[in-house]
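These notes are about the structure you will find just below.
The values are calculated or read from the model by the stated rules, or taken from the named source; none is laboratory data. Predicted, not measured: the structure shown is a model, and the values here were computed from it. Heads up, the Cβs are rebuilt from the backbone with ideal geometry, glycines too, and the neighbour counts pull from every protein chain shown.
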Amino acid sequence: MARESSPALEVEDLTVAYSEQPVLWDIDLVVPTGDTMAIVGPNGAGKSTLIKAAMGLIPAVAGEVRVFGRPFAKGRGEIAYVPQRASLEWDFPTDVLDVVTMGTYGSLGWFRRPGAGERDRARAALEEVAMGAFERRPIAQLSGGQQQRVLLARALVQQAPILMLDEPFQGVDAPTERAIVAVLDRLSDEGKTVVVVHHDLQTVPEYFDSVLLLNVRAIDAGPVAEVFTEENLRLTFGGRVGVLAQIAAAESGG
Amino acid sequence: MELFSDYTLRVVALGSGVLGAAAGALGSFAYLRRQSLVGDALSHAALPGIAVAFLLTGSKAPLTIMLGAALAGWLATLAVGLVVRRSRVPYDSALGMSLAVFFGIGLVLLTVIQKRPDAAQAGLESFLFGQAASLLREDVVAMSALGAACLLLLGLLWKEFKLLSFDSEFASSLGRSVGRLDGLFTLLLVIAVVIGLRTVGVVLMSAMVVAPAAAARQLTDRLAPMVALATAIGVFSGVTGAVLSSLIPRLPTGPTIVLVLSSVVAISLVFAPRRGLLWRWISLGRLAPSAALDPVLMHLYALAQQHPGEPDHGHGIAVLRTMSPAGVDLDQVLENLRSRGLVERVDEGLWAPTAIGRREAERHLASQNEAAS
Amino acid sequence: MTMKTRVVSLFAIPLLLVACGGPLQDAAPADGPIRVVATTTIVGDLVRTVGGDSVDLTILMGAGVDPHLYKPSAGDVRTMATAQVVVYNGLHLEGKMTEVLEEMGGRGVEVVAVAEYLDPKALLPIEGFDELHDPHVWFDIELWQQAAACLRDELVRIDPDHADGYRARGDAFIAELAELDGWVEERIGSLPEARRVLVTAHDAFEYFGRAYGIEVRGLLGVSTAAEAGTADVQQLAAFIAERKLPAVFVESSVPPRYVEALTEAVAARGGEVTIGGSLYSDALGSPGGPAETYVGTVRTNVDTIVGALAE
């Protein structure tokens, strides 16, 4: 069947521009099913843009996205999205459970209300991210790490085979980082595909199977061991890599 | 309640109440989406719509007027969208421009229309500030029908609007058409605005959309209660305004409604628990010890530690200033600490912690170390 | 052209346009009619009657236009500035034109406010405003006779060449008004006392009430720019129901809504009041109809009132 043999995500020729300035240029990417991939690059490289354009959240000048071999429009239900937590207005009058329950809205129609079943799924997802005790907490009172875990739980509720996360480790505390990594491991064990925009080069080899090096263009992509080299990092980051390159070199056995 | 046995009051109160409910409910979502100005723009844009509707049809029927107003409001939002997409103009600037331009066109049209012999009869000027006391049965019927439709749709689409307001990107990722939802929301808002035109008029309508939501937000942290409260506040203001205007002669109803509403907002802003100004002012006095004051005490303690055996060795404010963030009013903080017996002024401009102050500092440090381990 | 030159030229264009506008005041042709601008149709009727062929008259507000709310356009200002005389009612009837009218005086245009020539002791005060008077003076025919006399004298002063014509026409009109006055008194007198109550949209008819012995109530107060409160509607509705009045009246230059709301309120109280007709309050009727002149309007109004209240 097409689904099994196709990679989870295929991106072809994706180009995004803001008023004629290319932000993403001609991106080709294949994310194999079951892979946990990091997207790294300097500021302004287009990492968030790539995820958003792939999800159809911002318009692309050119390019095509396929999900399990099917066109994106048909396959969008297979992807769960975790946006950057800073892009949300957290001073919104609602509680944690309510936000996580929003993840179930996709399966309800326009007019059906979430019921007990939906809320139970939400609770289970909260337990997974170690936020079970915070069900009724107003989201305005959450710390950064807690916010991140809530957004992750919301995506987990969708039970989608593919997850795309935008900078989930940005500015979170240690317990949150541990919780997220635990979830990534679990997802990987279950054969789910995870794509993460990541800012911390040091943890790339530890957390991820493969990596995409991005700087407006795709520099290189593939298994960490092969691709995460000093040479590639220098190409991506333009020579300001130093210590991290040494670590990368050490990890890849070079 | 024999007050309400009077026909006129019943009519005016009903109309004002319906307006308050619709404006409060929809205004809540506009508020949460940071789009309160849209209500203002829509109501000002309604003026040329009313004028054109009259010019084209010569009719003053409520539905004709409302249709004209609604279409003009719709056009205004389209214009704003166009400007934002095609230029670098930020959203609220575009809204402000649209508001001013449409309203200006409306005023020009009024001046043109005033020369027509049937113009004064149409009473288009009355749409500026409303003429609530002249509400007829046919007006209130139309208003109630529209208001009920509005609230019903809001109820049906509750979770969609909640999602749209909190995280429209996520909504998009679920496959929801954000454009369509946004359009629907704007339509409901337009209807709410149009309901209010006869009662409070074009200029004051924006208050009805913004104020109940603002007041309600201070009072609760959950969405359903907030919208319910905003609706209730809207209804309360509308009805109370009508009642007051019926008790005091020569008191125009529309402005009175808005005044009542403003009072409610003011009270809410000041007295709301947790978010209110009064509350925060009081609790700052209580919470302060662990918040802004301790750092200065801790700085003094740290400085004192560098001079063991010299408890009276004071340090100047200048030194403290380099250790504190920019906005801290050191004089006030030190005065407060001194009145609590935690620091003393050992010499002109030199400060040191007292014995009590030192103990407090040590206790604080100990508890911090405990928490960290 | 350099950028700077272009920018400067751009600024020069409006300046040139203004400069080429020419003097605003053209000299009057030696024997021709003088150019006169009147604000309301009522004042206009007075000017036309007394002025006759010696004046070239322009009236700013048409039939059905509300003078309390009327805002002059730029065209109106130009028309006034190029006239020799501007005649208006005064006493703030043309409420939104005060500044413009003052400015006309400054520009050398002769400005005549007919109501302001009247003896203040004869004027009615406005409730709550000590220095202001009710401007609806034309409803008292005697007062309007005095206004006609004043206009006649002013025209004689401004345009002495045609003095004879002005005096003749002015005196004839004053005589006609005397006859009208008698007729109105008789007609109103024919109503039973209990029925002599006139309820209208705004307080335009106070002078009428005082002159002819009829009680007058308006919903909106002296100016239509005000907004009535719910209490005002309630109180008036209670009054109407109590006195068992058969009819209330809408006005041609005021939206009928308020009066409609009033009738609904009275009906709810068990009263039976209808709209007795439309009165010409702040403007004359349309040209070509019976009410196109002042005299015609007065007759039509009185017929409407008496016809409805006599039921």
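Which of the residues spanning the range A:135-147 are within 14 Å of chain B (Cβ to nearest Cβ), within 22 Å of residue A:183 (Cα to Cα) and assigned to a helix (DSSP H, G or I)?
A:139, A:147
Residue B:75 passes all but one of (1) buried (at least 17 other Cβ atoms within 10 Å of the Cβ); (2) closer than 20 Å to residue B:193 by Cα; which number fails?
Residue B:75 satisfies all of (1) buried (at least 17 other Cβ atoms within 10 Å of the Cβ); (2) closer than 20 Å to residue B:193 by Cα except (1).
Just one of (1) of a type outside the set (A, V, I, L, M, F, W, C); (2) touching a residue at least 12 places away in the same chain (Cβ under 8 Å); (3) within 28 Å of residue A:140 (Cα to Cα) trips up residue B:245, so point out which.
Just one mismatch for residue B:245, condition (3).
Could you please give the count of residues in the range B:159-183 that are surrounded by fewer than 22 Cβ atoms within 10 Å (Cβ to Cβ) and either out of contact with any Leu (no Cβ under 9 Å at 6 or more places or on another chain) or more than 10 Å from chain A (Cβ to nearest Cβ) (or both)?
Going through the range B:159-183 one residue at a time, the tally reaches 6.
Per-residue answers, yes or no, for (1) within 14 Å of chain C (Cβ to nearest Cβ); (2) without any contact (Cβ under 8 Å) to a residue 24 or more places away in the chain; (3) in a helix (DSSP H, G or I):
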| site | (1), (2), (3) |
| --- | --- |
| B:13 | yes, no, yes |
| B:18 | no, no, yes |
| B:25 | no, no, yes |
| B:31 | no, no, yes |
| B:34 | no, yes, no |
| B:41 | no, no, yes |
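Among C:220, C:236, which is more than 18 Å from residue C:304 (Cα to Cα) and at pLDDT below 90?
None of the other options fit; the residue is C:220.
Determine whether the range A:63-78 contains at least one residue that is over 30 Å from residue A:132 (Cβ atoms), within 12 Å of another protein chain (Cβ to nearest Cβ), among the charged types (D, E, K, R) and surrounded by fewer than 19 Cβ atoms within 10 Å (Cβ to Cβ).
Within the range A:63-78, one or more residues are over 30 Å from residue A:132 (Cβ atoms), within 12 Å of another protein chain (Cβ to nearest Cβ), among the charged types (D, E, K, R) and surrounded by fewer than 19 Cβ atoms within 10 Å (Cβ to Cβ).
Here is a check on your reading of the model: is residue A:100 of a type in the set (Val, Ile, Thr) and surrounded by fewer than 21 Cβ atoms within 10 Å (Cβ to Cβ)?
No; evaluated as a whole, the condition is false for this residue.
Taking the stated definitions as given, is residue B:100 away from every other protein chain (no Cβ under 14 Å), surrounded by 17 or more Cβ atoms within 10 Å (Cβ to Cβ) and either touching a residue at least 60 places away in the same chain (Cβ under 8 Å) or not basic (Lys, Arg) (or both)?
no
Which of (1) surrounded by fewer than 17 Cβ atoms within 10 Å (Cβ to Cβ); (2) under 30 Å from residue B:252 (Cβ atoms) is the odd one out, the single condition residue B:90 does not satisfy?
With respect to (1) surrounded by fewer than 17 Cβ atoms within 10 Å (Cβ to Cβ); (2) under 30 Å from residue B:252 (Cβ atoms), residue B:90 is out only on (2).
Can you tell me which residues in the range B:155-187 are of a type in the set (A, V, I, L, M) and over 22 Å from the mean Cα position of the chain (by Cα)?
Answer for the range B:155-187, where residues must be of a type in the set (A, V, I, L, M) and over 22 Å from the mean Cα position of the chain (by Cα): B:156, B:157, B:171, B:174, B:178, B:181.
Residues in the range A:88-133 that are within 14 Å of another protein chain (Cβ to nearest Cβ), farther than 18 Å from residue A:158 by Cα and not acidic (Asp, Glu): how many?
Going through the range A:88-133 one residue at a time, the tally reaches 6.
What pairs come out if I take residues in the range B:299-323 that are of a type in the set (A, V, I, L, M) and pair them with residues that are exposed (fewer than 15 other Cβ atoms within 10 Å of the Cβ) and part of a loop (DSSP other than H, G, I, E, B) whose C-beta lies under 7 Å away, six or more apart or interchain?
B:317/B:349
Take the conditions within 14 Å of chain C (Cβ to nearest Cβ) and either under 22 Å from residue B:226 (Cα atoms) or outside any helix (DSSP H, G or I) (or both) and apply them to residue B:124. Does it pass?
For residue B:124, the condition - within 14 Å of chain C (Cβ to nearest Cβ) and either under 22 Å from residue B:226 (Cα atoms) or outside any helix (DSSP H, G or I) (or both) - is met.
Taking the range B:210-226 on its own, how many of its residues are assigned to a helix (DSSP H, G or I) and closer than 20 Å to residue B:270 by Cα?
Of the residues in that region, 10 qualify.
Residues of the range B:329-357 being surrounded by 15 or more Cβ atoms within 10 Å (Cβ to Cβ), touching a residue at least 24 places away in the same chain (Cβ under 8 Å) and assigned to a loop (DSSP other than H, G, I, E, B), which ones?
Across the range B:329-357, the qualifying residue is only B:342.
Can you tell me which condition residue A:138 does not meet? The list is (1) in contact (Cβ under 8 Å) with a residue 40 or more places away in the chain; (2) under 24 Å from residue A:55 (Cβ atoms); (3) not charged (D, E, K, R), and all the others hold.
Unmet condition: (2).
Return the residue satisfying two criteria in turn: it lies in the range C:209-241 and is within 14 Å of chain B (Cβ to nearest Cβ), out of contact with any Asp or Glu (no Cβ under 9 Å at 6 or more places or on another chain) and not small (Gly, Ala, Ser), and of such residues it is surrounded by the most Cβ atoms within 10 Å (Cβ to Cβ).
C:233
Which one of the conditions (1) over 30 Å from residue B:114 (Cα atoms); (2) out of contact with any Leu (no Cβ under 7 Å at 6 or more places or on another chain); (3) of a type outside the set (S, T, N, Q) does residue B:72 fail to meet, given that it meets all the rest?
That leaves (1) as the condition not met.
If you go through the range A:190-197 one residue at a time, do you hit one that is outside any helix (DSSP H, G or I), among the basic types (Lys, Arg) and surrounded by 17 or more Cβ atoms within 10 Å (Cβ to Cβ)?
yes
Hey, any hits in the range B:220-243 for a residue that's within 14 Å of chain C (Cβ to nearest Cβ), within 23 Å of residue C:225 (Cα to Cα) and hydrophobic (A, V, I, L, M, F, W, C)?
Yes: the range B:220-243 contains one or more residues that are within 14 Å of chain C (Cβ to nearest Cβ), within 23 Å of residue C:225 (Cα to Cα) and hydrophobic (A, V, I, L, M, F, W, C).
So, in the range C:50-100, how many residues would count as being of a type outside the set (A, V, I, L, M) and within 14 Å of another protein chain (Cβ to nearest Cβ)?
16
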